Amino acid sequence: STVSFTGLSSSYAAYVVMINDLVPSGNAVDLYLRTSTDNGSSYDSSSSDYEWFTARLCAATATQTHHISSVTGPTTSITCFDSSGSGTGELVAGFVYILNPAGTLYTTIRSDLWGTQDDGYTAEGDGVGTRRSAADCDAIQFLMASGTITSGTFRLYGISPS
């Protein structure tokens, strides 16, 4: 129902998660990310743990424009992609970058995802978020705003500091 990676270490300057063919169980739901400082025993989810911004480009529909942006203050998670669909052919794919997981500064999350929204139209979403404390980030968790992750492939890659 969620996808978690534990054991992130300071051996890497950054991590990249490649997501392929993610399909949620529900329709019109957002993909969230949360971080952990206790290797996944719990994930930070207080109302002031994160800040994020996303910009979405999508095909125009009767109810949407070509460009939609969202800005939010402190929240319980970082939104990586919004309004993902669960219908035939609807999916999410792309990359999520975890920068500075060692904790000397705020951990930054950068997402570059694309897919098909709940209305069947193609969308591309770019986002950036920060964990609002300078602590180690040794685990991450992907989850849907509601429902679960039905299918998809998540691969984690470490990027060496030199």
Size of charge dipole - the chain - debye, nearest 20, with Cβ of Lys, Arg +1 and Asp, Glu -1, no other charges: 220 debye
Say the dipole of the chain comes from +1 at the beta carbon of Lys and Arg and -1 at that of Asp and Glu; which of SER46, PRO24, PHE81 then lies farthest toward its positive end? SER46
How high is the relative contact order of the chain, in percent, counting Cα pairs under 8 Å that sit 6 or more residues apart? 40 percent
Take each of the peptides 30-37, 4-11, 126-133, average the number of other beta-carbon atoms within 10 Å over its residues, and list them starting from the highest. 30-37, 126-133, 4-11
Determine how large the accessible area of GLU51 is when every protein chain is in place; take a 1.4 Å probe and give Å² rounded to the nearest 10. 70 Å²
In Å and on Cα atoms, what radius of gyration and Dmax does the chain show? 15.2, 49
If a/c stays under 1.5 just call it rounded; otherwise compare a/b with b/c (prolate if a/b is bigger, oblate if not). Do that for region 6-48, with a ≥ b ≥ c from the square roots of the Cα gyration tensor eigenvalues. oblate
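The values are calculated or read from the model by the stated rules, or taken from the named source; none is laboratory data. Please read these numbers as outputs of a predicted model, since none were measured by experiment. Reconstructed Cβ throughout: ideal geometry from the backbone, glycine too, with neighbour counts over all protein chains shown. For the accessible areas, the whole protein counts, side chains as well, though only heavy atoms, and no ligand, DNA or RNA atoms are used. Shrake-Rupley method; radii C 1.70, N 1.55, O 1.52, S 1.80 Å.
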